[in-house]
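Asks: Let me give you the structure first, and then I'll get to my questions.
The values are calculated or read from the model by the stated rules, or taken from the named source; none is laboratory data. Quick caveat, the model's predicted, so the values are computed rather than measured. A quick note on method: Cβ atoms are made from the backbone with ideal geometry, for glycine too, and the neighbour counts reach across all protein chains shown.
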């Protein structure tokens, strides 16, 4: 009888173990996420049995001791969760009843890119699946170069601006030989989770000037060709302005001298004019 009982128990446990067998499925293709937005990391079991009573753990394979999310005993247990994921992960507990343990990751960062493992364990079985996450940047508008006048030294002020990026991109000026030019002023603004950048540079001779905006492997560029005519126009304007200033000063001096010498005559004329106006009225 004892042997029969042991055989029956073994058969029962074997059948129970077999009925609890399942396969954890992730994604064979990389999951592409956009920086700053939310993404769903897929993970489910086949057949679609409930995983409410099981342990669900998400962690990173490419980072040491990187706990992303833990669910056990019907609640989320994230006391050991990595600091970078605090407040950004969520399991849909209703979907757990359908065997769906997909993880929602909010406000994606570039540091979130990597390999994730979804591990699901019951009392008698366990399995896992991996999900590769690729984080893409938000590419903004092509840069626009504008001429912002001339400096006192005759240099041409150029301004380059681009908007709609996330996260903040890098902007650089390059001459025709690919040499980086130092920006004189830089401005960065954030509006509705998008960044706009504006840099200025001063050019003193004709050249091909590139304004390049880069973010990871994305790059947009604008080009302006400064010609000698631009600088010639500036010199002509400076000469004309200088001449007009000198003439204005001379005219002012002459008027002052004339007024001083003929103050009496001008006073008589003014009195006569006032008398004439009054009598006419």
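Asks: Out of 214, 198, 208, report the one residue that is crowded, with 17+ Cβ neighbours inside 10 Å, in contact (Cβ under 8 Å) with a residue 24 or more places away in the chain and part of a strand (DSSP E or B).
Replies: Answer to the selection: 198.
Asks: Just to be sure, is residue 85 in the same structural domain as residue 220 (by TED's automatic domain parsing) and under 23 Å from the mean Cα position of the chain (by Cα)?
Replies: Considered against the rule, which asks whether it is in the same structural domain as residue 220 (by TED's automatic domain parsing) and under 23 Å from the mean Cα position of the chain (by Cα), residue 85 comes out as no.
Asks: Let me ask another. When the residues of the range 75-102 are narrowed to those that are within 22 Å of residue 22 (Cβ to Cβ) and in contact with a helix residue (DSSP H, G or I) (Cβ under 8 Å, 6 or more places away or on another chain), which ends up surrounded by the fewest Cβ atoms within 10 Å (Cβ to Cβ)?
Replies: It comes out as 102.
Asks: Within the range 116-124, is there a residue that is in contact with a helix residue (DSSP H, G or I) (Cβ under 6 Å, 6 or more places away or on another chain) and surrounded by fewer than 17 Cβ atoms within 10 Å (Cβ to Cβ)?
Replies: yes
Asks: Filter the range 66-79 down to the residues that are outside any strand (DSSP E or B) and either farther than 24 Å from residue 123 by Cα or in contact (Cβ under 8 Å) with a residue 24 or more places away in the chain (or both) and list them by number.
Replies: Scanning the range 66-79 gives a single hit, 66.
Asks: Does residue 236 qualify as being farther than 30 Å from residue 37 by Cβ, surrounded by fewer than 18 Cβ atoms within 10 Å (Cβ to Cβ), at pLDDT below 95 and over 22 Å from the mean Cα position of the chain (by Cα)?
Replies: Criteria met by residue 236.
Asks: Among 139, 135, 108, 147, which is in contact with a helix residue (DSSP H, G or I) (Cβ under 9 Å, 6 or more places away or on another chain) and surrounded by 15 or more Cβ atoms within 10 Å (Cβ to Cβ)?
Replies: So the residue among 139, 135, 108, 147 that is in contact with a helix residue (DSSP H, G or I) (Cβ under 9 Å, 6 or more places away or on another chain) and surrounded by 15 or more Cβ atoms within 10 Å (Cβ to Cβ) is 135.
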